[in-house]
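Each value in this text was obtained by applying a stated rule to the coordinates, not by laboratory testing. This one's a predicted model, so the numbers in the text were calculated from it and none came from an experiment. FYI the Cβ positions are ideal-geometry reconstructions off the backbone, even for glycines, and counts take in every protein chain you see.
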Amino acid sequence: MENFIVSARKYRPATFNTVVGQAHITNTLKNAIKTEHLAHAFLFCGPRGVGKTTCARILAKTINCTNRTSEIEACDKCESCESFNSGASLNVFELDAASNNSVDDIRNLVDQVRFAPQLGTHKVYIIDEVHMLSSAAFNAFLKTLEEPPKHAIFILATTEKHKIIPTILSRCQIFDFNRIQIEDIANHLAYIAGNENITAEKDALHIIAQKADGALRDACSIFDQIVSFAGNNVTYKAVIDNLNILDYDYYFKVTDAILTENISSALLIFNEILNNGFDGHNFIAGMGEHFRNLLVGKDPETLQLLEVGTNIREKYKEQSAKCSLPLLVKGLTILNKTDINYKSSKNQRLQVELSLMQLCSLNSIGIEAEKKNDILLKPRTSSSQNTAKATTSAVVEKPKGEAITSSIPIQKAAPVAEPATIVKKPIIKTSSPSINQHLNNEKKVDTKNVVTLEENNFSQQKNIFTQQQLESVWEKYANSLKDKGKTNLATNLLNKKPQLKENFVVEFTINNKAIEESINEDKITFLGVLRKELNNYSIQLNLILIAKEDKTNLYTATDRYKRLSEKNPALNSFRQKFDLDLEF
């Protein structure tokens, strides 16, 4: 029986150029070798299966090669390279820190470091899973790591950088390895399949790459597993069957049901998914990813962000053209909420089915909203026609029931709003009072000049006035309050003068809460009088309440003690505890 070697070992990179997806690290190491700027200690950190130990071995081999190529790669022909390839090199030492993590193991390593290499220029010590070393071992390693002999180079590799003490980190050059991109993994698997005479579909290799989660070693292991299952013909169907992955077709079918608002079809597809042994949470997560891909696929520039095969990318492009942008955004919101609430739900199947029903109803809800918007945005044709045909007289009812007719030429009206339209506005019924209704209430105060007030109000006049003019109108209004029996309010208005500030803000200082409430009750009428008399509808009234200071004189020690005890109640308990008397 022929000795089988797994793909992860058989096709392990042997040169910098063959390392997959880590060009930023391999280029740096090659330049360091070329310029002879090699550090004495390196720390390679990153997820599993991304090439940390592989890069460490390639670096160790290239450093000692006596006949490097022009691309700074090992020649594979010199004595040092041949001994390395056969596993008999005396210049490269690998130590597994997971099983050799004691102080004694590090002491043995330190003793070996003192001896110079017999062949080559450097001794390279590769310590894998270095985060497994104990604290005592780390401390025993510090001095040697900081000042090793000239011929010694240390390469530390770890998947958990945060577990390494800062004193070790400060003595190393740190290289962070990235997760390998799906496209790079798929291309590497295609290369392996070509060398092994295996026919593999691109979509199948992309599924394997996605399942590997950025680890090339995991992808090679999954590929070997699929080959054992399906033989030399690796198909998309064989991959999803073997790995128990939910087929993309299910997501496309559910989306078609959503677009046609077919709730029954969506629920039946979900039932089929559950019967095939898939979890509802995985389905919701997959639907969220599917809607994200549809959103990305709507723009040709972002279509390249889809990490799927060519055939599936075309399907996304076709279906995304059928989906509106609001539908996809609202759908993502619904799916995200379902994903969050799934684990806490007691009826998880119902949770998913409700989200499917909501998704299927998005189109109809959007159409109804558009109709409402069209109605709201549609111009009222009758308003302009009625204005043109309106008579030149406006009738306003007095409180007593009498009617007063005022002739207003339409040609002389303000361009913003015509008088006939203004008089008719209060007839419109709304669910809550609007600003215009408050202004109309304001106008009803003086019925003799109501039409003139409306005309000036809607023209938004901002005539400039002086402090003296303001005080004159203020005094006039305060005196009118005396005639109405509001003597107390009138007296308070006359006691202090109002102050004119920027932007036509009138400030009035009061020191009584009751007076503030009285002014606020009459504020709308008061503002109407000020605006009309001063011919400025930008006037705002700002009341400033200043609390009176307590000017009670504290003549005796008893009074002073009472005041202090009110501010600090603990003073009484302190006095009682120590049986203290007041000093008179």
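In debye, nearest 20: dipole of region 248-369 around its Cα centre with unit charges on the Cβ of K, R (+) and D, E (-)?
Charge dipole of region 248-369: 240 debye, to the nearest 20.
7 Å from Cα along Cα→Cβ at both Val6 and Leu274: what's the point-to-point distance in nm?
With each label point 7 Å from Cα toward Cβ, the separation is 3.8 nm.
Using the 10 angstrom Cβ neighbour count as an exposure proxy, how do Leu332, Leu294 rank, fewest first?
In increasing order of surrounding Cβ atoms, one gets Leu332, Leu294.
Please state the shape class of region 150-200: rounded when a/c is under 1.5, otherwise prolate if a/b exceeds b/c and oblate if not, all from the C-alpha gyration tensor.
Judged from the Cα gyration tensor, region 150-200 comes out prolate (a/c at least 1.5, a/b above b/c).
Taking only the alpha-carbon positions of region 152-292 and ignoring solvent, what does the Debye formula give for the base-10 log of I(q)/I(0) at q = 0.19 Å⁻¹?
Cα-only, vacuum Debye calculation for region 152-292: -1.07.
With each pseudo-label sitting 7 Å past Cα toward Cβ, what's the Leu580-Glu314 distance in nm, one decimal?
9.3
Which three numbers, in whole Å and largest first, are the semi-axes of the equivalent ellipsoid of region 182-243 derived from its Cα gyration tensor as √(5λ)?
Calculated on Cα positions only, the semi-axes equal 15, 13, 10 Å.
I want to make sure I understand the PRE zone here: with the label point 7 angstrom from the Cα of Leu119 toward its beta carbon, which residues in region 71-91 have backbone N atoms less than 11 Å away?
Output list for this probe position: 78-91.
If you add up the charges near Gln112, with Lys and Arg at +1 and Asp and Glu at -1, over every other residue whose beta carbon is less than 14 angstrom from its beta carbon, what do you get?
Combined, the nearby Lys, Arg, Asp and Glu give -1.
Simple spin-label model, 7 Å along Cα-to-Cβ: Lys501 to Thr302 in nm?
Here the answer is 4.7 nm between the modelled labels.
Cα-Cα over 30 Å: which of Lys30/Lys298; Lys237/Lys322; Lys237/Lys346; Lys34/Lys163?
Cα-Cα > 30 Å for Lys30/Lys298; Lys237/Lys346; Lys34/Lys163; rest within.
Report the full-extension gain for the segment Thr199 to Ile340: residue separation times 0.36 nm, less the Cα-Cα distance, to one decimal in nm.
46.7 nm
Going by how many other Cβ atoms sit within 10 Å of their own, how do Thr333, Thr121, Thr62 line up, fewest first?
Thr333, Thr121, Thr62
Just from the alpha-carbon atoms, what are the Rg and Dmax of region 7-176 in angstroms?
Cα only, region 7-176: 15.3, 44 Å (Rg, Dmax).
Over the Cα atoms of region 79-125, what radius of gyration and what Dmax do you get, in Å?
That works out to 12.1, 35 Å for Rg and Dmax.
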